[in-house]
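**Q** My structure is below; once you've seen it, I'll send some questions.
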Amino acid sequence: MENNTYNGYYNRATWNLMLWINNTETSYHYFRDLYHQFDGMDEDDREGKIMREAYDWYGDKTPDGLLMKDVFWEEVREHMDDDNSDILADLAEASA
């Protein structure tokens, strides 16, 4: 079976966006802080918000010139949900 992933991500654009989000301090904190606004949002709402904020932050291309339209946003949201699971758990607990 052929592996069509890029460093474990769906494609190079998705990997590259996650690289920039997680490996620059300013963007890491910005996107982590974004999770504090997700109270009551379902996966689709979070995914849409992440996508809009990423376009606002980076424009139509990642800093390495890869097209944002090629990013697999569901995977970005899944990884970010995992990375920020503590914030999501705190929000869920506060809502309960």
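Computed from the coordinates by the stated procedures, all read-outs in this text should not be read as laboratory data. Note that the structure is predicted; figures quoted are calculated from it, not measured. Cβ atoms come from the backbone with ideal geometry, glycine included; neighbour counts cover every protein chain shown.
**Q** How far apart, in nm, are two points set 7 Å out from the Cα along the Cα-to-Cβ line at Ser85 and at His29?
**A** With each label point 7 Å from Cα toward Cβ, the separation is 2.6 nm.
**Q** Would you work out the relative contact order for the chain, in percent, from Cα pairs under 8 angstrom that are 6 or more residues apart?
**A** So the answer I get is 37 percent.
**Q** Considering the chain as a Gaussian network with a 10 Å cut-off on Cα pairs, which listed residue, Met68, Met51, Met41, attains the greatest mean-square fluctuation?
**A** Met41
**Q** Have a look at Thr24, Thr14, Thr62 and tell me which one the Gaussian network model of the chain (Cα, springs below 10 Å) gives the largest fluctuation.
**A** Between Thr24, Thr14, Thr62, it is Thr24 that shows the largest mean-square fluctuation.
**Q** If you don't mind, another one. Quick one: Karplus J couplings for the stretch 84-96, per residue in order, coefficients 6.51, -1.76, 1.60, θ = phi - 60°, nearest Hz, x for Gly and Pro?
**A** Values, residue by residue: 10, 4, 5, 5, 4, 5, 4, 5, 5, 5, 5, 7, 7 Hz.
**Q** Helix 12-23 sits at what angle to the longest principal axis of the chain, using alpha carbons and giving 0 to 90 degrees rounded to 10?
**A** For helix 12-23, the angle is close to 50 degrees.
**Q** Angle, helix 73-83 long axis vs. longest principal axis of the chain, Cα atoms, 0 to 90°, nearest 10?
**A** Roughly 50 degrees between the two axes.
**Q** Can you tell me the orientation of helix 43-58 relative to the chain, as the angle in degrees between its alpha-carbon axis and the longest Cα principal axis, to the nearest 10?
**A** Between helix and principal axis, roughly 60 degrees.
**Q** Still on this structure: How big is D for the chain, in µm² s⁻¹ as a whole number, if Stokes-Einstein is applied with the Kirkwood radius of its Cα pairs at 20 °C and 1.002 mPa s?
**A** The estimated diffusion coefficient comes to 154 µm²/s.
**Q** Return the loop-located GluC sites (Glu not before Pro) in the stretch 1-83 (DSSP other than H, G, I, E, B) with at most 13 other Cβ atoms within 10 Å of their own Cβ; answer none if there are none.
**A** Glu2
**Q** Further, regarding this structure: Skipping prolines and chain starts, which residues have an amide H placed within reach, meaning under 5 Å, of the one on Lys61, given they are 5 or more residues away or on another chain?
**A** For Lys61, the qualifying residues are Met68.
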